[in-house]
Amino acid sequence: KLILLALLIVGCATDSLGYEEVKGCTDVNATNYNPDANIDDGTCIYAYEIAQGTWNITPNCEDINLPIIGPISLDTILPESIDVQGAGNGSLFIDINGAQISGEIDNSGNITVAEQTVSIDLGLGIPIPVQISGSGKIESENSGYMDLTFSGEIDLIPGIPPVSFNSTCHITLSK
């Protein structure tokens, strides 16, 4: 009787050709693609879609050390959250304190921020041109990270050559 019950259970999970039904995400472009699935159950998750929205950020940045002024902490200058908007075809816009940073996300959730210049107030009361570049990853619907480099030059005193700066930040993302 036990063997007959086991055969009935196995028989229900296969069709007449011995084909086992495996439910899951069948779209290779989804982050949770299951190559064993042969029945799409509607659970596909797409990195481009989950990347969009408001993310809380926890920055861990190197200080920018400027002569006369001293250290500037990007950890305290960066906002508590950022807004990420989609522009189609894997293109994203990341709003950091009003500065629009463009990036790209692939199907696996990998983010690339090509070098670009935006104006950011580093706490000096005036926006300055800052080059930003980096990468990151959306790891799930609620977590990810970005590694960004902020660099540029600041004119501290007129007539004296500008001071260069460079700071790397590891930014943890959460929803």
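Just a few scattered comments:
- Rounded FRET efficiency, nearest 0.05, which uses the C-beta distance separating residue 38 from residue 114 and R0 of 45 Å: 0.70
- Here residue 93 sits with roughly 80 square angstrom of accessible surface, probe radius 1.4 Å.
- Inter-label distance for residue 175 and residue 142, nm, one decimal - labels placed 7 Å from Cα along Cα-to-Cβ: 1.1
- Within the listed set 41, 27, 75, the residue fluctuating most in the Gaussian network model of the chain (springs between alpha-carbon atoms under 10 angstrom) is 41.
- Folded to 0 to 90 degrees: helix 2-13 orientation relative to the chain principal axis, Cα: 50
- Inter-part distance, segment 139-161 to segment 26-98, computed on C-alpha centroids, equals 16 Å.
- Calculated FRET value between residue 58 and residue 99, using beta carbons and R₀ = 22 Å, to 0.05: 0.70
- Phi to ³J(HN,Hα) by Karplus 6.51 cos²θ - 1.76 cosθ + 1.60 over segment 131-140, Hz, x for Gly, Pro: 8, 10, 8, x, 8, x, 7, 8, 8, 7
- (i) -0.32, -1.10; (ii) -0.59, -1.33; (iii) -0.39, -1.01, with the label sought being that of the calculated log10 I(q)/I(0) by the Debye sum over Cα atoms at q = 0.08, 0.17 Å⁻¹: (iii)
- Cα gyration tensor shape of segment 129-175, rounded if a/c is under 1.5, else prolate or oblate by comparing a/b with b/c: prolate
- When the chain is treated as a GNM with alpha-carbon contacts under 10 Å, the residue of 129, 59, 161 showing the greatest mean-square fluctuation is 161.
- Beta bridges by DSSP in segment 20-175, antiparallel share as percent, to the nearest 5: 95
- What you get for the chain, charging only the Cβ of Lys and Arg (+1) and of Asp and Glu (-1), is a dipole of about 220 debye around the Cα centre.
- 13 Å cut-off, amide nitrogen to a point 7 angstrom out along residue 157 Cα→Cβ, residues in segment 51-68: 67-68
The values are calculated or read from the model by the stated rules, or taken from the named source; none is laboratory data. Model, not experiment: these values are computed from the prediction. Note: ideal-geometry Cβ built from the backbone for every residue, glycine included; neighbour counts use all protein chains shown. With ligands, DNA and RNA removed, areas are computed over all heavy atoms of the protein, side chains included. Shrake-Rupley method; radii C 1.70, N 1.55, O 1.52, S 1.80 Å.
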